[in-house]
Amino acid sequence: MREKPKYLPPTLRDKHRYIAFQLIGERPFRGDEVREAIWEASLSTLGVLGSAKAKPWFIKFNERSQTGIVRVDRKHVEELRLALTLVTEINGSKAIFRTLGVSGTIKRLKRKFLAEYGWR
């Protein structure tokens, strides 16, 4: 007989927030470039320990609209937003991150902030 998988109860799980962003730059960027830029921004601004606490996680990036979603621990939302605003270039091309909004669920984030960019 198979054992039922064990999950953490909701009270013990990490609480996350999702940040919707738009990338404005000299040229269109690819998802892997954006993921690397988010991680580098987090490390350079927050340091290794701060990044470990903030737990930034790249969720998705739409290359057509240059918009995306990144997950972060709820206590470190403002720190990651600061780290993203300090990005001035990606792979030698000028770029800036524009935060569209923050939400507790991806569904609500898409409906409220990303619907006008073609997200469903």
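Some values worked out for this structure:
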read-out: Criterion: part of a helix (DSSP H, G or I), at pLDDT 95 or above and over 16 Å from H16 (Cβ atoms) - qualifying residue of A41, A115, A95; value: A41
read-out: Single residue of segment 61-75 satisfying the filter (among the polar types (S, T, N, Q) and in a strand (DSSP E or B)) that is farthest from A41 (Cα to Cα); value: N62
read-out: Answer from E33, E78 - the residue that is in a helix (DSSP H, G or I), without any contact (Cβ under 8 Å) to a residue 12 or more places away in the chain and under 14 Å from the mean Cα position of the chain (by Cα); value: E78
read-out: Residue identified as buried (at least 16 other Cβ atoms within 10 Å of the Cβ) and polar (S, T, N, Q) among T88, T105, T99; value: T99
read-out: Complete set of residues in segment 1-16 that are in a loop (DSSP other than H, G, I, E, B), aliphatic (A, V, I, L, M) and at pLDDT 85 or above; value: L8
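The values are calculated or read from the model by the stated rules, or taken from the named source; none is laboratory data. Values in this document were obtained by computation on a predicted structure and should not be read as measured data. No Cβ is skipped: glycine too gets one built from the backbone with ideal geometry, and neighbour counts run over all protein chains shown.
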